[in-house]
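A.B. asks: Here it is, the structure, as structure tokens.
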Amino acid sequence: MSSRSTAHWLSCIVVIAVAVEAGAAEFHVSPTGSPKGNGSAREPWDLPTALVATDIVRPGDTVWIHSGMYRGGFVSRLSGRPGTPVVVRGERGGRVTIDTQPRDGDERDNGLFLMLGADAVYRDFEVTCSHPL
């Protein structure tokens, strides 16, 4: 293969990689977010809503969890693709804590943080349980 041909193919690969990255969306979660939010920084979701937004959060997208305490059990169904994961991460420079202690009076809350989706990366936050044994 000539160097000109190699350069052509490399430039095509770079263009494709940039196009894929440009299509990635960012969504936001806040301790004061709402299921009625749209996932934007101005109208963030609550954590349970974000973790099941499989019709909106796509492979390559990032879900930013804003600083604060998130209480209760959570189930994530977010899925990416091999090489293009969904990324769920705590905001830079902040402290994000997920306390899986079951919420009082909520029989559906199992006190767990379950990750059921495939090809998803979870990072930059702490998971704990303050429930006394």
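The values are calculated or read from the model by the stated rules, or taken from the named source; none is laboratory data. Bear in mind that the values here come from a model prediction, so they are computed numbers and not experimental data. With ideal geometry, Cβ positions are generated from the backbone for all residues, glycine too; neighbour counts draw on all protein chains shown.
A.B. asks: List pairs: first residue in the stretch 36-50 and part of a loop (DSSP other than H, G, I, E, B), second residue surrounded by fewer than 21 Cβ atoms within 10 Å (Cβ to Cβ) and β-branched (Val, Ile, Thr) anywhere in the structure, Cβ distance under 7 angstrom, at least six positions apart or on different chains.
C.D. replies: 39/56
A.B. asks: In the stretch 58-93, what residues are among the charged types (D, E, K, R), under 17 Å from residue 27 (Cα atoms) and free of Cβ contacts under 8 Å to residues at least 40 places away in the same chain?
C.D. replies: Passing the criteria: 58, 61, 89, 91, 92.
A.B. asks: Is it true that residue 32 is farther than 20 Å from residue 80 by Cβ and at pLDDT 95 or above?
C.D. replies: Details: farther than 20 Å from residue 80 by Cβ: yes; at pLDDT 95 or above: yes.
For residue 32, the condition - farther than 20 Å from residue 80 by Cβ and at pLDDT 95 or above - is met.
A.B. asks: Residues that are modelled with pLDDT of 90 or more: find the strands (runs of 3 or more DSSP E) completely inside the stretch 59-133 holding 3 or more of those. Show your work before the answer.
C.D. replies: Values: elements: 62-65, 68-71, 74-76, 86-90, 96-99, 113-115, 120-123, 126-128.
Ranges flagged: 62-65, 68-71, 74-76, 86-90, 96-99, 120-123, 126-128.
A.B. asks: Right, another one. Looking at 71, 58, 89, 95 in this structure, which one is among the basic types (Lys, Arg) and loosely packed, with under 15 Cβ neighbours inside 10 Å? Reasoning before the result, please.
C.D. replies: Details: 71 fails: loosely packed, with under 15 Cβ neighbours inside 10 Å; 58 fails: loosely packed, with under 15 Cβ neighbours inside 10 Å; 89 fails: loosely packed, with under 15 Cβ neighbours inside 10 Å.
Answer to the selection: 95.
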